Amino acid sequence: MPITIREVAKKARVAVGTVSRVLNGKADVDPKLRMQVERAIHDLGYRPNVRARNLSRNSSPILSFILSNRSFVHLFHSHILQGVEEYCSQNGYFVIFTKFDYSRHTKPDEIRLPTVLQSHGVADCVIAAGTNYDNFLEALDSLHMNYVLLANNRVSDRPRQPVDQVRFDDVTGALEATQHLIQLGHRDIWFVGDTTLPWCRTRNTGYLRAMNEAGLEPHSFTAGLADDQFMDGLRSLEFMIDQRHEITAVLAGTDDIAYGAWEAIHRAGLRIPEDVSLIGFDDQYGTLRFPQLTTVRVKTEELGRELAKMAIAKIQSGGGNMPEVVVSTQLIRRGTCQPRSARSIAS
């Protein structure tokens, strides 16, 4: 349960009114008493209930959408937020958006939390999106904060119980994409993507499963040659071509990686799909770049709606655990795959 103002007053050995004046920035407080109150606030981890002080209890409940360690200009996250806002608008909830960058190496009790989380009562539930690490989730737990998580982008070596989270089924998406290439007669199929990133790691898992089920030798290039995903795809394929690997098809961990791979294949004087079939993952660009890219569509707006739905259910249940929700993906066939050509990048 959240710490109350009475508990702060008791620990500081002052009246409740003195604590209230300190919290409201009043000047008529003895400096010694102010220090006692501030020390008690810090020691107890007290967060003033801003909602109770400043808002009517008849106001709309509030969700806080926190985008961690990612750029909001990326269409993937903006589409998720759009789904959150649409669902909340339909159900009488208000959404606060906050961008939040933090280090995975900071101790949970030393993370400088966003302002919206520093005061108890501002948000009824947090939607933790973007790229998150366990230290932030532990900080939320220590504050007894209701939250739900976009699970695909959690970076951790520790397993997590399948509760209070929504994820999309990228393992099945990658498996179906690989099976599509196999059905087209491809055997020398490569997965390209930095598997230190959780989204590439899970997609590589789906690729490996499909290759093993088909009795084919898997080929995964997972070194991660650049932080920028387009450049990672470009440099990875340049290296593979330079090494004369046999390649007739590529499954990329993201669309950005696929576009980089496409550029490297083009520079090598080869054609897509005549020489190499190519599949990306995410389908967030539509006609903005290469509309013919075959890709695995992530239903981002549906993800947002499911996150909002779960957050609201968690509020209404009084903070009870919500079972995991998994959103399906969809293979979108466009113009970058065709049956295996007699020509390939031969070793």
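The values are calculated or read from the model by the stated rules, or taken from the named source; none is laboratory data. Fair warning: this is a prediction, and the values are worked out from it, not measured in the lab. Backbone-built Cβ (ideal geometry, glycine too); neighbour counts: all protein chains shown.
Couple of notes before you dig in:
Okay, residues lined up against (1) over 27 Å from LEU75 (Cβ atoms); (2) part of a helix (DSSP H, G or I); (3) in contact with a helix residue (DSSP H, G or I) (Cβ under 8 Å, 6 or more places away or on another chain):
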{"residue": "GLY224", "(1), (2), (3)": "no, no, yes"}
{"residue": "ASP227", "(1), (2), (3)": "no, no, no"}
{"residue": "LEU234", "(1), (2), (3)": "no, yes, yes"}
{"residue": "GLU238", "(1), (2), (3)": "no, yes, yes"}
{"residue": "LEU251", "(1), (2), (3)": "no, no, yes"}
{"residue": "ILE257", "(1), (2), (3)": "no, yes, yes"}
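- Test result for THR202, closer than 28 Å to PHE76 by Cα and part of a loop (DSSP other than H, G, I, E, B): no
- Subset of the range 10-27 [modelled with pLDDT of 85 or more, hydrophobic (A, V, I, L, M, F, W, C) and under 11 Å from GLU38 (Cα atoms)]: ALA12
- Among (1) under 27 Å from GLU301 (Cα atoms); (2) in contact (Cβ under 8 Å) with a residue 24 or more places away in the chain, the one test that PRO108 misses: (1)
- Enumeration of residues in the range 259-274 that are outside any loop (DSSP other than H, G, I, E, B), under 24 Å from GLY185 (Cβ atoms) and among the small types (Gly, Ala, Ser): ALA261, ALA264
- Checking HIS245 against (1) in a loop (DSSP other than H, G, I, E, B); (2) of a type outside the set (A, V, I, L, M); (3) surrounded by fewer than 17 Cβ atoms within 10 Å (Cβ to Cβ); (4) more than 28 Å from the chain's Cα centre (by Cα), the condition it does not meet: (3)
- Residues (surrounded by fewer than 19 Cβ atoms within 10 Å (Cβ to Cβ), of a type in the set (Ser, Thr, Tyr) and outside any loop (DSSP other than H, G, I, E, B)) located in the range 119-166: SER142
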